[in-house]
Each structure stands twice: as C-alpha cells, then as structure tokens.
Amino acid sequence: MLFLLACVATTAFAQSGEPWQPPTLTNTRYEEDWGRLADPANRDGRWTEAFKYIPLGGDAWLSTGIELRARSESYRDNLWGGADAPNNSYLWLRAMPYADLHVGKLRAFVQPIAAYAVGVAPSAGPIDQSRVDLLQGFAEAQIGPVTLRAGRQMLSLGTERIVGTRYGPNVPLAFDGARADVRIGRAIISLMTVRPVQPGLASFDDATSRKKALRGAYAALPGLDVYYLDYRNRVAGFGGTSGHERRHSIGLRSHGKRGNWRWNVEAVYQFGAYDGQPIAAWTVGTEIGRDFPTLPLSPAATLRFNIVSGDRDPADGHLGTFNALFPKGKYFGELSPVGPTNIVSVNPRVGFDLGGGVCASVAAMAYWRYSRGDGVYDIPGNLIRAAGDRDARFIGKEAEATLAWQASPEWELSTSVSAFAPGAFIGQTGPARTILMLGLESNFRF
C-alpha cells in the first residue's frame, strides 16, 4: 500500500539558495505545484516533464498525470468468520487521470475515475466499484494570501484521523462544497463547508449526500494544528439505535522531528447531541518514532498508542461513543477489521531499507474495548459486534508483514500478509476464527 512509500521515497523541499526539487506526489494530486518547470534550469530531462508542464501561451499552462492501480485482496475467515463471504478473493482496478489548468491566478482541476471490482462476494459495494465518474472537479482563484476553491474535491486534514481521502479502498472519498485557505506567515487557515459524495455502482451516478454535512476551520501552524469541525448526520447510528446527530469536534495536533526522533500526537474532544442525548466523547492518539540511519538496513521504529472513547451505559441518556467522521482507509494497517471507535490499541512497527528501492516492515497490534458498555465498530463507524452483557475487553491481536519495491520513480509493487487472532470479546459474541489476508498491489502514477 501507499504508506510503504515513506520508507523508499524522500520528501523534497525547496530551501532558500538550494536547487528546486520536484514536488512529492500526493494522494490529492492538486497539492503538487509543477509551475517552476517553466524555467529550463529546473528540468533534468525526465520523460514525465513533458506532461507535468505544458505551456499554452501567455501565463497559461497545463499539468497532467495519472494513477493506474491494480490491487488483489484475499481473505480467509473475514470478520472472524462472520462476514457474508468470509473466504473471498477479489481484484480492484482503478484509473485516475487528471488535468490541472492554470491561467494567471485562476485554476481549474479535473480528475475522473474509472473504478471496477472483480470477484467481490456477495456483491461489490460503492467503495469497491463506481465505474466511470468524476472524482474531483473544482475551480480556484487566488486573491492575495487567500485561495478560494469551489466544486468537488478530496480533503486530507493532518494525518487523516478524522477527515481523510479513504485512499486504501478502491473508490476514494470526495466532498462537494467550498473551501478557503488563508496564508498568514507560515500558517494556513482552512475554512470549509462541504458535503460528502456518495458513490454509486453505475457510471456518472455519484451524488452529493443530502444527509451528511461538514463545516469547520483547520489551522496548520509549524509543528501544531488546531481545528474545529461541525458535523451533521440525519441518519446516524450508534449501539444499534439511529437518530439525528449534531457533533462538534475540537482538535489539537503536535507533530515534528528533532534529530532522529519524530512524533505525532493528536487529541480530540467532541460534544453535541444525538437523538436527544448529549454527546461527550474524546480520543488521544500518539505516534513516537526513531530512525537508526547508521545501523544495518537503516531501521525506523514507530510506536502508536490510541485511546478512543465508547459509550459507558446505553441507558443513561448520554452518548460517549467517539465518531471518527471520515477517517482514512486501512486505518491500523492493511488488515483493519476494527475502526477507531471504543478502542484502546497498541501498534509497534519497524521498517527496513533493503536497498535497491526495496523496503519492508513488520508490525504487531493489540486491541481492547475502552468501555464494556459499547461494542466493536468498523472503520466507517458501523457496529459489527454489539456489547450485550459481555464484559470481556480484549478484542484481539494482529501481526503484519509488508514488502515494497519502487521499481521506478513511477511504478511500485507491494505485498502484505496479515493475521488477526480474536480475543475473548470476539469469542463471546459470535464466530471467532483467525482472519488471514494477503494483499498484492501494482501502482503506476506520475
């Protein structure tokens, strides 16, 4: 998967007095700025440069690119044997070309998608297959320090704990609406009012959600992010009930690197109302890492620890279940049957640079329920195991190994093997077999 790129690719930044470096490819793609290729001194003759900067005369230019991805996933005893098709192998195919037109301070960005699935049982869902549709399409204007954007766009806030692109599955998540980015010194304040796009199974049937809406502000400062999000959902569901949800999220994120150490710590508090019940929920996520560049294989160790609140008592008239809103796909790893709701998790991981563009990682995960009064949820927030009167906290343990080869700057091949052994709570509430998953992926993009 794409997170493996972190150990084989480096992010290049243009510093004062240093030669310009091409931008790192992003999942959102519109964040890449290829305008400095207008200067021949910034070109190195790579074949992709003819597509990244196409002069159109005057101050107009066009940038183009594409992603071609094929991903195979094979499961045995999916959802611990409780899935509709627990043993399943399928193939995801997607193509995402884009065109980015710049005319002075104006811009138009268009990215269609062709996403197909083969072999998904019992049937393909909207994140497996949307056929041909518009993934992103927006107009943008830059007025001094303010950038105004309106249309369909993907959003990636911070490390996507609460608003992300859902890039791991076959159909990414996009939003319809407006966004304004205000630059104040080294800070960027983003104001947004959007609605998620609901993909359909046929071509050109993706539609703006009428049931969900998101508004808010996200301030990204050097080393520190602060944000407020106002979320509304007319058909929310928690603990087997459904109702109208109005949820406010206040978040703070500290991140950075010093020497060989790096960190990413984020805390979110939520309040509001759900079906007449007041909401009080929270999460704290920590990620501490250290690189060892002088050791053989240059290992990079990371330890993640997350606590996410759940509802203590369904009958007390209060809701304590955290809502991750629109989190990233593949949240805890390649195999992620549980999501960031009512959970305590520990995840150590070590990555290795094997040389020749090859990197590998091994990881372990362990999961517990935070609250005995609440169940286990998947990444989108659907309840997959209700609490009932079961008091066990341990959900299970997982092991994962990944291998990736950056065959060229544009083409990556990767594979992963994962196993999730169920714990006492899963054994108390239904089928409890070990999940096995094999992932294979080929990704070409420029």
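Among residues of the stretch 108-119 that are within 16 Å of residue 69 (Cβ to Cβ) and modelled with pLDDT of 95 or more, those with a beta-carbon under 7 Å from a residue that is β-branched (Val, Ile, Thr) and not in a strand (DSSP E or B) at least six positions away or on a different chain give the pairs 115/171. Checking each residue in the stretch 372-388 for being surrounded by fewer than 19 Cβ atoms within 10 Å (Cβ to Cβ) and of a type outside the set (Asp, Glu) picks out 372, 380, 382, 384, 386, 388.
Would you confirm whether or not the stretch 22-36 contains a residue that is surrounded by 12 or more Cβ atoms within 10 Å (Cβ to Cβ), of a type in the set (Phe, Trp, Tyr) and either at pLDDT 95 or above or in a helix (DSSP H, G or I) (or both)? Checked the stretch 22-36: at least one residue is surrounded by 12 or more Cβ atoms within 10 Å (Cβ to Cβ), of a type in the set (Phe, Trp, Tyr) and either at pLDDT 95 or above or in a helix (DSSP H, G or I) (or both). Looking at the stretch 135-144 only, could you name the residues that are crowded, with 16+ Cβ neighbours inside 10 Å and either aliphatic (A, V, I, L, M) or modelled with pLDDT under 95 (or both)? Hit for the stretch 135-144 is 135, nothing else. Would you say residue 69 is basic (Lys, Arg) and at pLDDT below 95? Considered against the rule, which asks whether it is basic (Lys, Arg) and at pLDDT below 95, residue 69 comes out as no. Contact map, the stretch 137-161: residues that are hydroxyl-bearing (Ser, Thr, Tyr) paired with residues that are surrounded by fewer than 16 Cβ atoms within 10 Å (Cβ to Cβ) and at pLDDT below 95, Cβ distance under 6 Å, separation 6+ or inter-chain. No pairs are found.
Taking the stretch 242-266, which residues are more than 20 Å from the chain's Cα centre (by Cα) and in contact (Cβ under 8 Å) with a residue 60 or more places away in the chain? Listed by number, the residues that qualify are 245, 247. A single member of 94, 71, 43 is closer than 30 Å to residue 422 by Cβ, in contact with an Asp or Glu (Cβ under 8 Å, 6 or more places away or on another chain) and not aromatic (Phe, Trp, Tyr), and it is 71.
Residues that are acidic (Asp, Glu) and closer than 26 Å to residue 165 by Cβ occur at least once in the stretch 373-385.
Yes or no: residue 76 under 23 Å from the mean Cα position of the chain (by Cα), of a type in the set (Lys, Arg) and buried (at least 16 other Cβ atoms within 10 Å of the Cβ)? No; evaluated as a whole, the condition is false for this residue. The set of residues from the stretch 407-440 being touching a residue at least 60 places away in the same chain (Cβ under 8 Å) and in a helix (DSSP H, G or I) comprises just one member, 426. If only residues of the stretch 395-418 that are surrounded by fewer than 17 Cβ atoms within 10 Å (Cβ to Cβ) and touching a Lys or Arg at 6+ places or on another chain (Cβ under 9 Å) are counted, the one that is nearest to residue 365 (Cα to Cα) is 411. Of the strands (runs of 3 or more DSSP E) lying entirely inside the stretch 243-331, those containing at least 1 residues that are in contact with a His (Cβ under 7 Å, 6 or more places away or on another chain) and over 24 Å from residue 233 (Cβ atoms) span 261-274. Exactly one residue out of 193, 147, 165 is of a type outside the set (A, V, I, L, M) and either in a loop (DSSP other than H, G, I, E, B) or modelled with pLDDT under 95 (or both): that is 165. Taking every residue in the stretch 313-331 that is within 10 Å of residue 166 (Cβ to Cβ) and pairing it with any residue that is of a type outside the set (Gly, Ala, Ser) and in a strand (DSSP E or B), at least 6 positions away or on another chain, the pairs with Cβ-Cβ distances below 7 Å are 326/163; 326/196. Within the stretch 332-362, the set of residues being surrounded by fewer than 23 Cβ atoms within 10 Å (Cβ to Cβ) and touching a Gly at 6+ places or on another chain (Cβ under 6 Å) comprises 361 only. Tell me which residues, restricted to the stretch 220-245, are surrounded by fewer than 16 Cβ atoms within 10 Å (Cβ to Cβ) and under 21 Å from residue 191 (Cβ atoms). 221, 222, 224, 226, 228, 230, listed by residue number.
The values are calculated or read from the model by the stated rules, or taken from the named source; none is laboratory data. Here the structure is a predicted model, which is why all the values come from computation and not from measurement. A quick note on method: Cβ atoms are made from the backbone with ideal geometry, for glycine too, and the neighbour counts reach across all protein chains shown.
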